[in-house]
Amino acid sequence: MLDEPDAFAKTLDAVRLRYEEAINRHDDPAGFAALFAEDGILVPAGQPIVAGRAAIEAWARDAVKVWNRIAIMMEHVGGGGLMASSAGTWHANLNLPDGGTANVAGNYLTLLHQEDGAWLIKAHSWNIHPEHAPAARLARQGAA
């Protein structure tokens, strides 16, 4: 852990920013997957668990068809040594099968592990606020 709590939060926020940028680029599933540890786990809301960097990259190839734009707000940071956590809220715009879009939002939790000086995502999960769940289900159907 870094000496200053603010510096530690800024370090983890840089991972959040790279995650957000990878989604918003729409064309780099490998770059998205590279944010995860080799044995990282992704637990997308309402979907099966995705385990391992290769599987996360395959998941991301379909996800870029759904996600238009995401904004992630990191609100809590914890940890020390080689492990850390961040949690907060997110807001996104998704493509729907009918050509329309929908705004969705939820909360997230990310567990990170420091490997060779770099912070990688060990596990990441999010939920979708109940009022947005129908739109999210439609968007996933359109990507399938």
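No value in this document is a laboratory result; all are computed from the given coordinates. Note that the structure is predicted; figures quoted are calculated from it, not measured. Glycine gets a Cβ as well: all are built from the backbone with ideal geometry, and neighbour counts include every protein chain shown.
Summary of computed values
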{"item": "Structure-based [θ]222 nm, the chain - -39500 (n - 2.57) summed over DSSP H runs of at least 4, per residue, nearest 500", "result": "-10500 deg cm²/dmol"}
{"item": "Descending Cα extents along the principal axes, the chain, whole Å", "result": "51, 29, 24"}
{"item": "Charge dipole magnitude, Cβ of K and R +1, D and E -1 - the chain, Cα centre, debye nearest 20", "result": "500 debye"}
{"item": "Helix 133-143 vs. the chain, principal-axis angle (Cα, 0 to 90°, nearest 10)", "result": "80 degrees"}
{"item": "Separation in nanometres of the label points that stand 7 Å from Cα toward Cβ, at residue 76 and residue 21", "result": "2.8 nm"}
